[in-house]
Amino acid sequence: MTESDGVFDVGTQPSGVERVVNVRLSTRYGEFLAIGYRDLARGDEQIALVHGDVTGEEALARLHSECLTGDAFGSRHCECGDQLSAALKAIAAEGRGVLVYLRGHEGRGIGLLAKLQAMRLQAEGLDTVEANLALGLPADARDYQVAAEVLHDLRVRSVRLLSNNPRKREALLRHGVGVSEQVPLLMPPRQENLAYLLTKRDRMDHCLPHLDAVVQRT
Ligand SMILES: [Zn+2]
């Protein structure tokens, strides 16, 4: 990165991802190759879990936004942990696929501590969008460029995207990744996360048709 005469030279900014390490990872869902990347633009560490041979192929793919409380602690306030398990299970069952675990996406990109603050506001009655905005932060600050760069590095031909979020599909297409299909990843709602899921459906355009029957019953 250089600067001369006060003019920032964008041509010298690093971009893309660097593949740093490959290692076998045996999981409860199956065998994966864990590939560690460095995001050259931001310096972040990222990881992809690859099952089977995806080079030149159409691959089942999940872009999973990190959620420490859901993924690791089993929080019942969101569906992230359930989706992470279901996605890895589906990829292993399919025999070929990739999960890109997107670090830096806590709380839809606002960071872990801000997400915890937003959760306090949600406990007081705000929805997830209102809570982020009340903190002066964007409702959704996530960027999927690094995910697209990882998929390009893996040379997948196209993806069948495991997601209910149309914005992920649009982002991949914008970054030159073919999306042949969007595959729903619908988790049964719980009392603790129903409002969270309805906000996703009603304010963030997520495709969650399975909630209709639940809402009619309540
Ligand atoms: Zn979560």
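The values are calculated or read from the model by the stated rules, or taken from the named source; none is laboratory data. Treat the numbers as computed from the prediction; the structure is a model and nothing was measured. Note that each Cβ is placed from the backbone with ideal geometry, even for glycine, and that neighbours are counted across all protein chains shown. For the accessible areas, the whole protein counts, side chains as well, though only heavy atoms, and no ligand, DNA or RNA atoms are used. Shrake-Rupley method; radii C 1.70, N 1.55, O 1.52, S 1.80 Å.
The Cβ shell under 15 Å around V179 holds other residues with a net charge of +3, Lys and Arg each +1, Asp and Glu each -1. What does the C-alpha gyration tensor say about the overall shape of the range 17-144? Classify as rounded when a/c is under 1.5, otherwise prolate if a/b is larger than b/c, or oblate. Cα axes put the range 17-144 in the prolate bin.
Derived scalar couplings between HN and Hα for the range 62-79 equal 10, 9, 9, 6, 4, 8, 4, 5, x, 6, 9, 9, x, 3, 8, 7, 9, 10 Hz in order, rounded to whole Hz, by the Karplus curve 6.51 cos²θ - 1.76 cosθ + 1.60 (θ = phi - 60°), x for Gly and Pro.
Under 5 Å between amide hydrogens, built in the peptide plane, is the criterion, and for V183 it picks out L161, L162, S163 among residues at least 5 positions away or on other chains. The range 34-105 and the range 175-209 have Cα centres separated by 16 Å. Computed 3J(HN,Hα) for the range 37-47, one whole-Hz value per residue from the Karplus formula 6.51 cos²θ - 1.76 cosθ + 1.60 where θ = phi - 60°, is 10, 10, 7, 5, 6, 10, x, 5, 8, 10, 9, glycine and proline marked x. Per residue, the solvent-accessible area of the chain (1.4 Å probe, heavy atoms of protein chains only, all protein chains present) comes to 52 Å². For the range 159-190, trypsin sites (Lys or Arg not before Pro) meeting the loop criterion (DSSP other than H, G, I, E, B) and having at most 16 other Cβ atoms within 10 Å: R190. If you look at the Cα atoms of the range 85-204, you get an Rg and a Dmax of 15.7, 46 Å.
Which is the longest part of the chain that has none of the GluC sites (Glu not before Pro) sitting in a DSSP loop with at most 13 other Cβ atoms within 10 Å? The longest such stretch corresponds to 1-123. When Rg and Dmax are taken over the Cα atoms of the chain, they come to 18.2, 66 Å.
Give the long-range amide H neighbours of H105: residues separated by 5 or more places, or on another chain, with amide H under 5 Å away, using H modelled in the peptide plane at 1.01 Å from N. Those lying under 5 Å, H to H, from H105 are E66. Can you give the Kirkwood hydrodynamic radius for the range 90-144, in Å, rounded to one decimal and based on Cα pairs? About 12.5 Å, per the Kirkwood formula over Cα pairs.
Each residue of the range 80-95 was assigned a 3J(HN,Hα) from its phi angle through the Karplus curve 6.51 cos²θ - 1.76 cosθ + 1.60 (θ = phi - 60°); the sequence is 4, x, 4, 5, 4, 4, 5, 5, 5, 5, 5, 5, 5, 5, 6, x Hz, with glycine and proline shown as x. Rounded to the nearest 10 square angstrom, D53 shows an accessible area of 100 square angstrom against a 1.4 Å probe.
Remark: C-alpha extents of the range 11-62 on the principal axes read 41, 22, 16 Å, sorted largest to smallest.
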